[in-house]
Amino acid sequence: MEIPGRYLRSGDILFSLTGGDSYQDAWFLPMHVGMYVKWDADGRDVIEATVPTGGCDPPANGVVMGWYNGDCGFRSLRGQHIFVGARRPVSRSGAPVTVAQGESAVETARDFLGFEYGIVGLANGVGGIDCAQLVERGWQGAGV
């Protein structure tokens, strides 16, 4: 599913399958999530917790600002991602979230920039944050 960035808003949750460089190996799990950032000052428009990918910037593990499009972008990541689409959360009342809530979610997620990448399901006390935790904490910070 191709979704041009102009249709996305800050805070929209992005989904992709990993291991897409071999469709035979791509599977529902692991799935990777990130958060779209509209009009970021540095030109990067996805915040995510990730591991490094050869030939792409940034090279370090952790919470980083990346790209939506391009060879190293979230949608394709050098052929290793199969983009599934985007989702906009709803509030607890079931009402659509506002633009301001999406921007607040992104600002909360930015507080984690530079944190180490953590693996889903590790015991308490293990450092780092995984991609799902990053997005969840961002939206929790926005009250959603």
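The values are calculated or read from the model by the stated rules, or taken from the named source; none is laboratory data. As the structure is a prediction and not an experimental result, all values here were calculated from the model. Heads up, the Cβs are rebuilt from the backbone with ideal geometry, glycines too, and the neighbour counts pull from every protein chain shown. The protein model used for the area step is the full one, side chains on, heavy atoms only, and it has no ligands, DNA or RNA in it. Shrake-Rupley method; radii C 1.70, N 1.55, O 1.52, S 1.80 Å.
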Does the range 57-85 hold any residues that are open to solvent by less than 20 Å² (accessible area, probe 1.4 Å) and more than 21 Å from GLN133 (Cβ to Cβ), and which are they? GLY73
What are the residues in the range 54-91 that are small (Gly, Ala, Ser) and closer than 18 Å to VAL33 by Cβ, if any? GLY62, GLY66, GLY73, SER76, GLY85, ALA86
Filter result (under 16 Å from GLU48 (Cα atoms) and touching a strand residue (DSSP E or B) at 6+ places or on another chain (Cβ under 8 Å)) within the range 89-105: ALA105
Could you pull out the residue among ALA109, ALA86 that is in contact (Cβ under 8 Å) with a residue 12 or more places away in the chain, among the aliphatic types (A, V, I, L, M), touching a Lys or Arg at 6+ places or on another chain (Cβ under 8 Å) and under 21 Å from MET31 (Cα atoms)? ALA109
Under the condition of being closer than 20 Å to PRO4 by Cα and not basic (Lys, Arg), which residue from the range 86-97 is least open to solvent (accessible area, probe 1.4 Å)? PRO89
Collect the residues in the range 93-111 that are over 15 Å from the mean Cα position of the chain (by Cα), under 16 Å from VAL135 (Cα atoms) and part of a loop (DSSP other than H, G, I, E, B), keeping them in residue-number order. VAL97
The condition from (1) under 16 Å from SER16 (Cα atoms); (2) among the hydrophobic types (A, V, I, L, M, F, W, C); (3) at pLDDT 90 or above that ALA100 misses is numbered (1)
